[in-house]
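The structure under discussion appears below in the form of C-alpha cells.
The values are calculated or read from the model by the stated rules, or taken from the named source; none is laboratory data. Nothing here was measured: the structure is a model prediction, and the numbers come from that model. No Cβ is skipped: glycine too gets one built from the backbone with ideal geometry, and neighbour counts run over all protein chains shown.
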Amino acid sequence: MAKNYIKLNIGICGESGDNVCGVEAYDNAKILGNEIAKNKAILITSATEGFSLWSSIGAKEENGFVVSISPAANKKEHEEVYRLSDEYTDLMIFSGFGFPGRDLLFIRSCDAIVIGCGQRDLIYQFSLAMHSNKPIGVLEGDWYACNAIKIIMSETDKNNNNVIFEKDPKILVDKLIEKIKN
C-alpha cells in the first residue's frame, strides 16, 4: 500500500501590524507555529507581519515548512508597494489579487484555519472559512476578533461544530488536526 505523503495545511490569521496584539499573543502565535510544525503540517500565512510572522518564526524553530500567500503580483510589488517581507517563508505565492482576493486564495488553500488576535479583517477571513466549510480554531483572548466571533456564533450559528474556541494554542492545534482527520 502506498504511503500518503499529503500533509495537512493549517492557516494562521491574525493582526498584521507589529505591537498591536501584545507580547502574550505573539508568544501564542509562536507556539501555534511550533505545534503545527511538530505535527508535520504545513503552515500557511497571509504573508504579513505581526501574528502571522510570529507563527512562521515558531514553525521555523521546529524545522517546519511555511507557505505565504501575498496580495502582490511579484516580489518587487510585495516589498515596495505592500512593504511586506518574505522572511521565515519557504514558498511565497504571489496572488496579484490585492488583500481581498489573496484572502480567498489563502482560505481555500487551507484544510483548517486558526484565528488569532486581531480586528475586523479577521471577520472577513472567518466568514470565508465558514462559507468554505473549513474547521476553524479561535485562539481565545481579549481581542476584537475573538469577541466578535463569539457574538456571531451565539446569534447565528450556535450548532456549528466546525468552530473551536480554545485558550491553549497546543490544545487548539490538536483539536483542529483531529477535526480535519474526522
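Do we have residue 8 as closer than 17 Å to residue 138 by Cα and either of a type outside the set (Val, Ile, Thr) or surrounded by fewer than 22 Cβ atoms within 10 Å (Cβ to Cβ) (or both) here?
Details: closer than 17 Å to residue 138 by Cα: no; either of a type outside the set (Val, Ile, Thr) or surrounded by fewer than 22 Cβ atoms within 10 Å (Cβ to Cβ) (or both): yes.
Answer is no for this residue.
Which count do you get for residues in region 1-44 that are part of a strand (DSSP E or B) and at pLDDT 95 or above?
Result for region 1-44: 7.
Only one of (1) under 21 Å from residue 53 (Cα atoms); (2) of a type in the set (Lys, Arg); (3) outside any helix (DSSP H, G or I) is not met by residue 170, so which one is it?
Residue 170 satisfies all of (1) under 21 Å from residue 53 (Cα atoms); (2) of a type in the set (Lys, Arg); (3) outside any helix (DSSP H, G or I) except (3).
Filter region 150-167 down to the residues that are in a helix (DSSP H, G or I) and either touching a Leu at 6+ places or on another chain (Cβ under 8 Å) or surrounded by fewer than 12 Cβ atoms within 10 Å (Cβ to Cβ) (or both) and list them by number. Step through it out loud before you land on a result.
Narrowing region 150-167 to residues in a helix (DSSP H, G or I): 150-156.
Of everything in region 150-167, those that are in a helix (DSSP H, G or I) and either touching a Leu at 6+ places or on another chain (Cβ under 8 Å) or surrounded by fewer than 12 Cβ atoms within 10 Å (Cβ to Cβ) (or both) turn out to be 151, 154, 155, 156.
Which residue pairs have Cβ atoms under 8 Å apart, sit 6 or more places apart or on different chains, and have a first residue in region 89-102 that is at negative phi and a second that is acidic (Asp, Glu) and assigned to a helix (DSSP H, G or I)?
Listed pairs, sorted by first residue: 94/77; 99/121.
Filtering region 45-80 down to residues that are modelled with pLDDT of 95 or more and part of a loop (DSSP other than H, G, I, E, B), which residue is surrounded by the fewest Cβ atoms within 10 Å (Cβ to Cβ)?
Restricting to residues being modelled with pLDDT of 95 or more and part of a loop (DSSP other than H, G, I, E, B), the top hit is 63.
Conditions tested, residue by residue: (1) free of Cβ contacts under 8 Å to residues at least 40 places away in the same chain; (2) closer than 22 Å to residue 168 by Cβ.
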residue: 21; (1), (2): no, yes
residue: 32; (1), (2): no, yes
residue: 47; (1), (2): no, no
residue: 57; (1), (2): yes, yes
residue: 64; (1), (2): yes, yes
residue: 71; (1), (2): yes, no
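Among the numbered criteria (1) buried (at least 19 other Cβ atoms within 10 Å of the Cβ); (2) more than 29 Å from residue 72 (Cα to Cα); (3) among the hydroxyl-bearing types (Ser, Thr, Tyr), which one does residue 89 miss?
(2)
Tell me, please, whether a residue that is among the acidic types (Asp, Glu) and free of Cβ contacts under 8 Å to residues at least 60 places away in the same chain can be found in region 113-122. Working first, answer last.
If we filter region 113-122 for residues that are among the acidic types (Asp, Glu), which is where we start, we get 121.
Remaining after also requiring free of Cβ contacts under 8 Å to residues at least 60 places away in the same chain: none.
No, region 113-122 contains no residue that is among the acidic types (Asp, Glu) and free of Cβ contacts under 8 Å to residues at least 60 places away in the same chain.
Taking region 123-138 as the search range and keeping residues that are outside any loop (DSSP other than H, G, I, E, B) and either of a type in the set (Gly, Ala, Ser) or in contact with a Phe, Trp or Tyr (Cβ under 8 Å, 6 or more places away or on another chain) (or both), which one is farthest from residue 53 (Cα to Cα)?
Taking region 123-138 as the starting set, the residues that turn out to be outside any loop (DSSP other than H, G, I, E, B) are 123-131, 136-138.
Those still in the list that are either of a type in the set (Gly, Ala, Ser) or in contact with a Phe, Trp or Tyr (Cβ under 8 Å, 6 or more places away or on another chain) (or both) too: 125, 127, 129, 136-138.
Working: 125: 17, 127: 22, 129: 21, 136: 19, 137: 18, 138: 18 Å.
Among those that are outside any loop (DSSP other than H, G, I, E, B) and either of a type in the set (Gly, Ala, Ser) or in contact with a Phe, Trp or Tyr (Cβ under 8 Å, 6 or more places away or on another chain) (or both), it is 127.
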